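These notes concern the structure reproduced below.
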Amino acid sequence: MTGTQIEITADLVRDLLRAQHPDLAGLAIREVAGGWGNQMWRLGDDLVVRMQRMDPTPELQLKERRWLPVLAPRLPLPVPAPVRFGEPSERFPKHWTVMTWVRGEPLDHGSISRGAHAAGALAAFLRALHVPAPAEAPVPTDRGAHPRDCTDGFEGFLQAVSGLDDIAADVRAVWDDAVGAEAWEGPPVWVHGDLHPANVVVSDGTLSGVVDFGDLFAGDPAWDLAAAWVLLPAGTAARFFDEYAQADDAAIRRARGLAALKSLFLVLMGQNGDRGLPGGKPHWGPAGRAGLDRVLKGV
């Protein structure tokens, strides 16, 4: 049963709640659009049920359960807080978690009109997050390395994406500069690890929350600093780094290269969506191309 994909429906979610958290089973349930590794279901007005779907292991969800209660109280933007745990059962042999709902619209379906405010909000959030992590903090897996160790992935994305002939050489130059930057020599700090437009929410024209901490790790903050170009409007990266005030030249160079990598990934996901491939998201393509344009403008 665990080797096949299970159809997740509102009825299934309600049945699981009745069995494990019956006091929540009477709340309204409605599906949240999007999601790949996990599927989300609103539960009443203030909660959401996070159901493991395509993720091959429960580790990402268990990581959020362990560490979000530690991190959330000192972060200046709302993040999901686990409130109930759902355990594997015969009905659904995977983990699921009831979490607080972070209000706002995902940036991949919204926009930022108050760029200076958003830059300050992101800088304050990352300053609060990027503190030395304890020895037992999760280590990076498929991300977190120095850009020089990610060159195969960068080249794969660049070759797979079509329509970039006019900027490919410039994008590669940004990457080469990141590869040549000095490595992070400070203590491993907490890193969100996956800041892209679907993992932040906006309201009133600015950032209002951060979600999906499944890739959380301790390591190089440059992986998050790439958000200066991936998330923020053109012309606001300099303000972000001024207010963050903890990044040296090498960190900014690594971050800019990683922003190019992440933007290429968004373009590729958009391309896959246009072709009808599983997991593809057509609306990510324009977001990725805009990110590349911002990367090429620098700080």
Cα-projected label distance for E59 with S113, points at 7 Å along beta-carbon direction, nm: 4.3
Dipole magnitude of the chain about its Cα centre (Cβ charges: Lys, Arg +1; Asp, Glu -1), debye to nearest 20: 600
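Calculated from DSSP H runs of 4 or more alone, at -39500 (n - 2.57) each and per residue, what is the 222 nm mean residue ellipticity of the chain, nearest 500? List each step's numbers first, then the result.
Numbers: 10 runs with 117 residues, N = 299.
It comes out at -12000 deg cm²/dmol, rounded to the nearest 500.
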Computed E for A19/A124 - FRET, C-beta separation, R0 51 angstrom, nearest 0.05: 0.80
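Fully extended, how many nm does the chain gain between A234 and V139 (0.36 nm per residue separation, minus their Cα-Cα distance)? Mind showing how you got there, number by number?
Working: separation 95, 0.36 × 95 = 34.20 nm, distance 3.23 nm.
The span from A234 to V139 would gain 31.0 nm if fully extended.
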Helix axis angle, 249-274 relative to the chain longest principal axis, alpha carbon, degrees: 60
Selection from M54, L296, G235 lying farthest towards where the dipole of the chain points positive, charges on Cβ: M54
Residue (of G193, A145, A181) at the positive-pole extreme of the stretch 94-200, dipole from beta-carbon charges: G193
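In what order do K297, K281, K63 fall by count of nearby beta-carbon atoms within 10 Å, going from fewest to most? Mind showing how you got there, number by number?
Working: K297 11, K281 20, K63 17.
By the 10 Å Cβ count, ascending, the order reads K297, K63, K281.
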Residues in the stretch 141-170 that a label on D176 would reach, taking backbone N under 11 Å of a point 7 Å out along Cα→Cβ: 169-170
Extension gain from V70 to F85, taking 0.36 nm per residue of separation minus the Cα-Cα distance: 3.8 nm
Degrees, to the nearest 10: 168-179 long Cα axis against longest axis of the chain: 80
For the stretch 65-138 and the stretch 187-215, distance of Cα centres in Å: 7
Global form of the stretch 207-260, assessed from the alpha-carbon gyration tensor, a/c cut-off 1.5: oblate
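Among V13, V230, what is the fewest-to-most ranking by other Cβ atoms within 10 Å?
Values: V13 22, V230 29.
In increasing order of surrounding Cβ atoms, one gets V13, V230.
Each value in this text was obtained by applying a stated rule to the coordinates, not by laboratory testing. Treat the numbers as computed from the prediction; the structure is a model and nothing was measured. Cβ sites come from the backbone with ideal geometry, for glycine too, and all protein chains shown count toward neighbours.
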